[in-house]
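Peer 1: Provided herewith is a single structure, encoded as C-alpha cells, for subsequent inquiry.
The values are calculated or read from the model by the stated rules, or taken from the named source; none is laboratory data. None of these values were measured; they are calculated from a predicted model. Here Cβ is always computed from backbone atoms with ideal geometry, including for glycine, and neighbour counts include all displayed protein chains. Heads up: the accessible areas ignore ligands, DNA and RNA and are worked out on the full protein's heavy atoms, side chains in. Shrake-Rupley method; radii C 1.70, N 1.55, O 1.52, S 1.80 Å.
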Amino acid sequence: MTQQNIMEQASQGNPQAIKALLNQSLQPEGITVKVRLKNNCLTVIAESSEPPEKSFTVNFIRERMEDLRPQSAHRVVVQGRATGNTSTVWRVGFDLNSEREARTAEPPFEVSADNPFGPVESQTLSPAPIEETADPLRSQPQSEPGPFNPALESIKLPLALGVYALVTVSLVALAFSIKWVAIELAELYLYSIQVLGDLFRAIQIVEILNIMVFAIFGMGFGAATALLPPGRPRYASTILLIILVPLIATTSDIYGYYHWVDQVAIQEKISYQQAAEITDSFLMKRAGTKGFLGFYLHTADYPLLPTRSSQMESSANEKEEVASRFASLARLNPKRMGEIFAIAGWFIRGFYLLVAAVVTAVHYREGLREVSRIIRQGR
C-alpha cells in the first residue's frame, strides 16, 4: 500500500490506515498505537515500555486527526498505558467537529483482556462548556496560546539539522580516528611479532575494537537523530546510518592498502606513485582488478602480502606452499584447502561486519529512545 493510499483510506476513517499513519511517526519515539472506530468514536491506545508522556502523545494525535478529519469519526479518545499492561494510566478525549480544548478524563479505569479498547461508549467524555461572552478580557484565557517567539520557532528546524550534521560529522571522524590509531598500534606492536603477527593479521584481531567503536557511534547517532522531527527525516537518517556502518567497518582495509603501498615504496626505495603502479600490476594478476578493490578481494583470499618486487613474482607459489602444508596436516586436497582459506577470510570479514551492525543498531535505538524521552519530559 502506497503512502497516498494510506492517506486516502485514513481520511475515509479506515482504522488500519489511521493506525499505520500514526505508527509511522510514533514508533521512532518508542510508541505504538492501536486504533478502533465504533459509534463515531475513534479510540487510540498508545503503548510504550513505560506509559507514554500524556501531553506529547495527545497533542501529536490531535494535530494529526484535525489535519486528517477522518469521516465517521466525531470524537477521539486517546488512552496511554505500558506495553503488555491492560490498565490504562491516563485517558483524554476531544471532539473533531469543534475547536474546544481536549479535557482529561476521570481517574484511570481498568480494561479487560476481552476488550482492550475499554468501555469507550460507557465512559465517553463531554467537552467542557464554552461560555458565550463578548468580553474579550474573559475570553482571552480560553484561547490557545501561540508560539512564544515566532522567530525562534522558524529557526528550530534549521538549528536541529545543523546540530545533527555537526554531531554526525564528529562521530564519523571519531570512529575513523579510533580505528586508525588502533591499526597503527597493531602494526607496530602486534603484526610485527614473528609467526603470531601473521596470525593476528589474518584474523584481523584489531576488529575486536568494533564493539566499542560502534557502540559509541550508534549511541551518538541515535541521540542526534532524536533531534530531527519524526517521519521522513528520521528515515533518511537511518538510511545514512546503514551507509556509514560498512564504510567505517572497512577502515582497517583502507589503512592496510595504503600502508602496504607505502611499505613497498620504502623497501624498493622508490616513490609512492611508482610503488602504486607495481602493486596495481600485482593485484591485476592475482585479483583481476587494481587499487583498493583488488587489495580487498586478494586479502580476503590470502592476507599476507609481499613488499618487494622479487617476492611478488613468487607469491603465487608461496600461497600454494602454505595451502599444501595445511592440506597435508588436514589430509585434504591443496586446492580444497585454498578454497577453505578463501571462505574463512570472507567469513571473518562478514562476522566483524555483523558485529558492527548489531552493536550499532542496539545502541542507535537506545540513544534515540533516551534523547526522545528527555525531549518529551522537557516539554
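Peer 1: What are the pairs, 6+ residues apart or on separate chains, where a residue within the stretch 239-253 that is under 16 Å from F295 (Cα atoms) and in a helix (DSSP H, G or I) has its Cβ under 8 Å from a residue that is β-branched (V, I, T) and open to solvent by less than 60 Å² (accessible area, probe 1.4 Å)?
Peer 2: Going by the 8 Å Cβ cut-off, the qualifying pairs are T251/I183; S252/I183; S252/V206; D253/T299.
Peer 1: While we're looking at this one, here's another question. Would you check if M1 is more than 20 Å from T88 (Cβ to Cβ), at pLDDT below 85 and either open to solvent by less than 10 Å² (accessible area, probe 1.4 Å) or in a helix (DSSP H, G or I) (or both)?
Peer 2: Here the answer is no, as M1 does not meet what is asked.
Peer 1: Any residue in the stretch 208-231 that is at positive phi sitting within a Cβ distance under 6 Å of a residue that is open to solvent by 10 Å² or more (accessible area, probe 1.4 Å)? List the pairs, counting only those 6 or more apart or interchain.
Peer 2: That search, which allows pairs on different chains as well, returns G231/S25.
Peer 1: Scan the stretch 69-90 and give yes if some residue there is among the polar types (S, T, N, Q), over 18 Å from P15 (Cα atoms), in contact with a Lys or Arg (Cβ under 7 Å, 6 or more places away or on another chain) and open to solvent by less than 50 Å² (accessible area, probe 1.4 Å), otherwise no.
Peer 2: For the stretch 69-90, residues among the polar types (S, T, N, Q), over 18 Å from P15 (Cα atoms), in contact with a Lys or Arg (Cβ under 7 Å, 6 or more places away or on another chain) and open to solvent by less than 50 Å² (accessible area, probe 1.4 Å): present.
Peer 1: Which one of the conditions (1) in contact (Cβ under 8 Å) with a residue 40 or more places away in the chain; (2) open to solvent by less than 30 Å² (accessible area, probe 1.4 Å); (3) not aliphatic (A, V, I, L, M) does R201 fail to meet, given that it meets all the rest?
Peer 2: Unmet condition: (2).
Peer 1: Looking for something assigned to a helix (DSSP H, G or I), among the basic types (K, R) and open to solvent by less than 50 Å² (accessible area, probe 1.4 Å) - is there at least one such residue anywhere in the stretch 53-67?
Peer 2: yes
Peer 1: Still on this model: Which count do you get for residues in the stretch 223-248 that are more than 13 Å from the chain's Cα centre (by Cα), modelled with pLDDT of 90 or more and buried (at least 19 other Cβ atoms within 10 Å of the Cβ)?
Peer 2: 1
Peer 1: Also, quick follow-up: Looking only at the stretch 26-39, count every residue that is assigned to a helix (DSSP H, G or I) and modelled with pLDDT of 85 or more and tell me the total.
Peer 2: 2
Peer 1: If Y164 satisfies all but one of (1) over 25 Å from I239 (Cα atoms); (2) hydroxyl-bearing (S, T, Y); (3) at pLDDT 85 or above, what's the number of the condition it fails?
Peer 2: Evaluating Y164 over (1) over 25 Å from I239 (Cα atoms); (2) hydroxyl-bearing (S, T, Y); (3) at pLDDT 85 or above leaves (1) as the failure.
Peer 1: Need the failing condition index for L42 against (1) modelled with pLDDT of 85 or more; (2) surrounded by 20 or more Cβ atoms within 10 Å (Cβ to Cβ); (3) under 30 Å from V371 (Cα atoms), just the number.
Peer 2: The number of the failed condition is (3).
Peer 1: Now a separate question. Restricting attention to the stretch 176-198, does a residue exist that is out of contact with any strand residue (DSSP E or B) (no Cβ under 8 Å at 6 or more places or on another chain) and closer than 30 Å to R232 by Cβ?
Peer 2: Scanning the stretch 176-198 turns up at least one residue that is out of contact with any strand residue (DSSP E or B) (no Cβ under 8 Å at 6 or more places or on another chain) and closer than 30 Å to R232 by Cβ.
Peer 1: Is it fair to say I6 is at pLDDT below 85 and within 26 Å of the chain's Cα centre (by Cα)?
Peer 2: yes
Peer 1: Still on this structure: Would you point out the residue of the stretch 250-289, among those that are acidic (D, E) and modelled with pLDDT of 90 or more, that is most open to solvent (accessible area, probe 1.4 Å)?
Peer 2: E277
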